[in-house]
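Beneath this line is the structure, given in structure tokens, with notes to follow.
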Amino acid sequence: RSSGDCVVNKDDTLFMTSWDPDGSGASALGDSLVRVDRETRAGENLGGLNYKKVFGLTAAWGLMFGVTGSGEVILIDQVTWTGQTLWTFDSGWWGAASTPER
């Protein structure tokens with residue numbers, strides 16, 4: 001159950017956010033980050049980001065970012081898979097993108 005868009009990082013790994021990664025109902029830790037195996041299509045729940053409505057993901061400069069419907073831009077730690085607020089804007093986000101060069 002996707003929350004928003006997907007992103008492929010420089011390692012060619014596909015990630016998505018999910019508001020219900022295991023089918024048990026919305027997570028108390030907000031949306032979860034899910035790694036998707038591109039061959040088997042199996043998802044691996046990496047854990048809660050501690051943010052809800054993470055509608056956009058992007059990978060740039062070796063980092064991963066998320067944007068939320070509440071206006072937060074978050075940095076996603078690629079070891080713990082949790083988010084940290086970098087900026088908060090007055091309006092929310094509905095998606096994100098980056099170029100292959102980044």
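The values are calculated or read from the model by the stated rules, or taken from the named source; none is laboratory data. Being a predicted model, the structure only gives us computed values, none of them experimental. Because the Cβ atoms are built from the backbone with ideal geometry, glycine has one as well, and the counts that use them run over all protein chains shown. The accessibility values were calculated without ligands, DNA or RNA, using every heavy atom of the protein model including side chains. Shrake-Rupley method; radii C 1.70, N 1.55, O 1.52, S 1.80 Å.
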- Ser3 of a type in the set (Ser, Thr, Tyr), modelled with pLDDT under 90 and open to solvent by 40 Å² or more (accessible area, probe 1.4 Å): no
- Residues Thr17, Thr68, Thr40: which one is at pLDDT 90 or above and loosely packed, with under 13 Cβ neighbours inside 10 Å? Thr40
